[in-house]
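The values are calculated or read from the model by the stated rules, or taken from the named source; none is laboratory data. Small disclaimer: the values here were computed from a predicted structure and weren't measured. No Cβ is skipped: glycine too gets one built from the backbone with ideal geometry, and neighbour counts run over all protein chains shown. Side chains included, ligands, DNA and RNA excluded: accessible areas come from the protein's heavy atoms. Shrake-Rupley method; radii C 1.70, N 1.55, O 1.52, S 1.80 Å.
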Amino acid sequence: IVGWLLPMDDTRLSVLDHLEEMRMRMLKGMACVLVLFPIFYYFSQPTIEWLLDSFCPQVDQLHFMEPMELFFTRMKVGAVMAIAAAYPYIALHIWRFVAPGLYKNEKHYVSRFVFVSTLLFMVGAGSALFLVYPLVLRFAVGMATEKITPMLQLRYVVNLAAMLMLGFGVMFQLPIIVYLLAVTELVS
């Protein structure tokens, strides 16, 4: 299906031509992220508030300790959302760069792996955000005593969500890694 949707050019290119094509595809991907970034920066504040309202009901208030902390946190959230939204376009260009060097049967397997890998990453990130993150925050806030109370900082609460999502997304790639190791007979 991918070959039908995206016709491939079988012309032979020199090393410099390959590098130029890779550079152009990277620039197009970065341009897509740059175009989407202002839109997602605008929505970063409501996204942060949604994250806190939905997953941190036990946290009444967050603080920022540095003058530009909220600005940079919003920039980070906007950038992550822009990259996530641009991922299909970036993946398309990666595929269009790699596909001409693959045999027909390899294209078939690689396209399936890309789909399964993306799906597994999204399931891992979603389970981290919707299941693990609220539990971790509830545990952290629950450790408070009368004399020791939490004063949570915005940057760390948002970073915790991002790191859990990234970690679980990568961890959910394990079935693909084990499958590849079994196919290459490195493990039984």
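Does anyone have the angle between helix 154-171 and the longest principal axis of the chain? Alpha-carbon axes, 0 to 90°, nearest 10? The angle comes out at about 40 degrees. Compared with the dominant Cα axis of the chain, that is its longest principal axis, helix 104-127 is turned about 0°.
Beta carbons within 10 angstrom, averaged per residue: use that to sort the peptides 73-80, 128-135, highest first.
By packing density, highest mean first, the sequence is 73-80, 128-135.
What does the helix-only formula give at 222 nm for the chain: each DSSP H stretch with n ≥ 4 adding -39500 (n - 2.57), the total divided by the residues, and the result rounded to the nearest 500 deg cm²/dmol? Could the numbers behind the result be given before it?
Details: 8 runs with 136 residues, N = 188.
Theoretical 222 nm ellipticity from helices: -24500 deg cm²/dmol.
Exposed loop positions in the chain were taken to be GluC sites (Glu not before Pro) whose DSSP state is not H, G, I, E or B and which have at most 10 other beta-carbon atoms within 10 angstrom. Between these positions, the longest stretch is 1-145.
For the chain, the share of accessible area belonging to carbon and sulfur comes to 72 percent (1.4 Å probe, ligands and nucleic acids excluded). Would you mind checking the tilt of helix 174-183 against the longest principal axis of the Cα atoms of the chain, expressed as 0 to 90 degrees and rounded to 10? Here the helix axis deviates by roughly 30 degrees.
Which whole-number percent gives the relative contact order of the range 55-158, counting Cα pairs below 8 Å spaced six or more residues apart?
Relative contact order of the range 55-158: 73 percent.
Taking Kirkwood radius over Cα pairs in Å as calculated from this structure, the corresponding entry among (i) 19.1; (ii) 18.3; (iii) 19.7 is (iii). Between residue 182 and residue 119, the modelled labels are 1.6 nm apart [label points 7 Å from Cα along Cα→Cβ].
Per-residue 3J(HN,Hα) values for the range 33-46, derived from phi via the Karplus relation 6.51 cos²θ - 1.76 cosθ + 1.60 with θ = phi - 60°, read 5, 5, 5, 7, 4, x, 5, 6, 4, 4, 8, 5, 5, x Hz in sequence order (x marks Gly and Pro). On full extension, the segment bounded by residue 148 and residue 72 gains 24.5 nm, given 0.36 nm per residue less the C-alpha separation. Accessible area per residue for the chain, computed on protein heavy atoms with a 1.4 Å probe, is 71 Å².
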